[in-house]
Amino acid sequence: VCAVIGIAFSLVQWILVSRVKLSPGRDSGAPGNNGAAGKNGYADYLIEEEEGLNDHNVVVKCAEIQNAISEGATSFLFTEYQYVGIFMVAFAILIFLFLGSVEGFSMKSQPCTYDLSRMCKPALATAAFSTLSFLLGAVTSVVSGFLGMKIATYANARTTLEARKGVGKAFITAFRSGAVMGFLLAANGLLVLYIAINVFKLYYGDDWGGLFEAITGYGLGGSSMALFGRVGGGIYTKAADVGADLVGKVERNIPEDDPRNPAVIADNVGDNVGDIAGMGSDLFGSYAESSCAALVVASISSFGMNHELTPMLYPLIISSVGIIVCLITTLFATDFFEIKAVDEIEPSLKRQLIISTVLMTIGIGVVSWIALPPSFTIFNFGDQKLVKNWQLFLCVAVGLWAGLIIGFVTEYYTSNAYSPVQDVADSCRTGAATNVIFGLALGYKSCIIPIFAIAISIFVSFSFAAMYGIAVAA
């Protein structure tokens with residue numbers, strides 16, 4: 001239900017973004033209008049004069065550039081996915097051969113690894129279902145990246161046109177288009193994983209250890225596709241960026257990011273396929289891996305032994321709560337608060353992090369109390385460790401708050417509003433050498449607090465609930 005709500009919400013955001021028309025003739029307001037500021041800084045005009053271009057020409061030019069970027073990004077991704085498809089099939093065959101050969105492609109039931117007195121499904125079945133879940137994860141990852149690219153190329157010119165009215169309008173359009181990718185990615189991943197578990201259960205029955213071992217292929221498929229999206233797209237965008245600068249500024253004296261330079265279009269295509277499509281696949285890979293890891297560890301705990309489905313699917317319930325919490329949090333950025341100036345954007349995004357973390361902590365507390373039994377046992381290196389439901393709640397909470405701390409520390413060290421970046425800029429006065437040395441030192445320094453946050457969250461989670469605690473914290 002939460003996955004379907006997430007998909008529906010993303011479609012609503014898409015419809016709201018599509019209301020900004022990319023066709024000439026719409027009244028985008030006179031640049032000189034200094035009337036009272038409307039909702040979200042409507043009258044806070046960013047551009048007072050647009051080089052003599054009238055409104056009609058601006059919209060037409062935006063649409064032309066958007067079409068060129070969209071066409072290039074689609075062409076690149078389809079070409080990339082042809083090679084990815086070959087890898088996907090070859091790697092799926094390898095997975096099947098390696099896993100199937102464990103017992104010599106035997107079709108006979110085998111003693112369970114976690115309980116030798118019980119019989120589990122044959123290795124060949126695990127090989128077949130692991131291969132299937134790998135393909136499912138790979139396809140979902142590819143789709144996540146492609147949908148992210150589509151909404152980005154759909155919304156870029158619309159954000160540009162809205163920026164002519166004011167920064168508030170541009171922020172909302174950009175934020176909503178980002179929400180489309182975020183919700184689609186999380187909801188699709190959750191829905192496919194949940195359906196796969198229920199379909200596999202028809203065959204595996206009581207053998208939950210085998211079932212969730214087969215499900216691990218889902219995370220592997222997601223992360224292996226992310227490798228291509230991230231690295232392939234990243235190399236392309238850097239090559240295009242440097243090429244655009246060399247040709248435009250060095251050889252032809254064309255200003256930076258001028259669309260008359262074809263390499264600038266290629267650079268924008270690269271940003272879409274690397275930073276957006278690649279990021280989408282990467283996010284999905286991380287999400288699928290952490291979910292599958294938690295499910296595998298839980299399958300050999302008392303949940304798996306006693307066949308308690310609701311506690312077993314606790315990691316998916318956390319993701320479900322996350323979708324609802326983020327849906328509410330999104331409204332704080334687009335509907336509840338108004339953005340009227342550029343310097344309000346960063347505090348607004350920071351507020352998003354805090355609100356979502358607080359609401360998520362409350363949500364996890366509620367579902368931990370409802371979905372989990374008061375106490376249960378978790379497999380801990382040969383022993384069964386007794387865990388209370390409030391301890392597992394703390395494991396998730398410590399991972400959640402560690403993430404918030406890492407987010408704030410990253411912002412502190414990379415935002416020009418704070419002293420670290422200002423000091424790096426100041427070090428440029430004495431030359432490139434001091435700039436490089438200072439920047440490198442600052443990079444090392446910025447890792448200290450995140451490392452401690454991760455180490456403490458791992459220590460606390462392991463103390464409370466062994467490996468399962470670490471899995472749900474992630």
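Would you check if Ile449 is surrounded by 16 or more Cβ atoms within 10 Å (Cβ to Cβ), in contact (Cβ under 8 Å) with a residue 24 or more places away in the chain and assigned to a helix (DSSP H, G or I)?
Judged against the criteria, Ile449 is a match.
Could you check Thr377 against (1) over 22 Å from Gln352 (Cα atoms); (2) part of a helix (DSSP H, G or I) and say which number it fails?
Every condition holds for Thr377 apart from (2).
So the check is Cβ under 7 Å with 6+ separation or different chains; which pairs have a first residue in the stretch 343-356 that's closer than 18 Å to Gly322 by Cα and a second one that's β-branched (Val, Ile, Thr) and open to solvent by less than 30 Å² (accessible area, probe 1.4 Å)?
Correct list of pairs: Gln352/Thr329; Ile355/Thr329; Ser356/Val325; Ser356/Thr329.
When the stretch 51-77 is examined, which residues are found to be open to solvent by 70 Å² or more (accessible area, probe 1.4 Å) and either within 15 Å of Ala138 (Cα to Cα) or of a type in the set (A, V, I, L, M) (or both)?
Within the stretch 51-77, Leu53 is the sole residue that qualifies.
Filter the stretch 186-207 down to the residues that are assigned to a helix (DSSP H, G or I) and not aliphatic (A, V, I, L, M), then identify the one that is surrounded by the most Cβ atoms within 10 Å (Cβ to Cβ).
Gly189
Among (1) under 23 Å from Ser10 (Cβ atoms); (2) free of Cβ contacts under 8 Å to residues at least 12 places away in the same chain, which single condition is Leu386 missing?
Every condition holds for Leu386 apart from (1).
So is Ala455 open to solvent by 70 Å² or more (accessible area, probe 1.4 Å) and over 30 Å from Met305 (Cβ atoms) or not?
It is false that Ala455 is open to solvent by 70 Å² or more (accessible area, probe 1.4 Å) and over 30 Å from Met305 (Cβ atoms).
Looking at the stretch 405-417, which of the residues that are in contact (Cβ under 8 Å) with a residue 60 or more places away in the chain and outside any helix (DSSP H, G or I) is nearest to the chain's Cα centre (by Cα)?
If we take residues in the stretch 405-417 being in contact (Cβ under 8 Å) with a residue 60 or more places away in the chain and outside any helix (DSSP H, G or I), then Ser415 is nearest to the chain's Cα centre (by Cα).
Which members of the stretch 211-233 meet the condition of being aliphatic (A, V, I, L, M) and open to solvent by 10 Å² or more (accessible area, probe 1.4 Å)?
Hits for the stretch 211-233 are Leu220, Leu227, Val231.
Out of (1) in contact (Cβ under 8 Å) with a residue 40 or more places away in the chain; (2) open to solvent by 20 Å² or more (accessible area, probe 1.4 Å), what's the single condition that is false for Ala402?
Every condition holds for Ala402 apart from (2).
What single numbered condition from (1) charged (D, E, K, R); (2) at pLDDT 90 or above; (3) in contact with a Phe, Trp or Tyr (Cβ under 8 Å, 6 or more places away or on another chain) fails to hold for Lys121?
All conditions are met except number (2).
Cβ-Cβ below 7 Å, separation at least six or inter-chain, first residue in the stretch 145-157 and touching a residue at least 24 places away in the same chain (Cβ under 8 Å), second assigned to a helix (DSSP H, G or I) and of a type in the set (Phe, Trp, Tyr): which pairs?
Going by the 7 Å Cβ cut-off, the qualifying pairs are Ile151/Trp14.
In this structure, is Tyr236 of a type in the set (Ser, Thr, Tyr) and surrounded by 24 or more Cβ atoms within 10 Å (Cβ to Cβ)?
No; evaluated as a whole, the condition is false for this residue.
Residue by residue, here is whether (1) among the β-branched types (Val, Ile, Thr); (2) open to solvent by 20 Å² or more (accessible area, probe 1.4 Å) holds:
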| position | (1), (2) |
| --- | --- |
| Glu251 | no, yes |
| Asn272 | no, no |
| Ala293 | no, yes |
| Ile300 | yes, yes |
| Met305 | no, yes |
| Met312 | no, no |
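The values are calculated or read from the model by the stated rules, or taken from the named source; none is laboratory data. What you see is a predicted model, and the numbers here were worked out from it, not measured in a lab. Virtual Cβ from ideal backbone geometry, glycine too; neighbours counted across all protein chains shown. Each accessible area value is taken on the protein alone, full model and side chains, heavy atoms only, with ligands, DNA and RNA left out. Shrake-Rupley method; radii C 1.70, N 1.55, O 1.52, S 1.80 Å.
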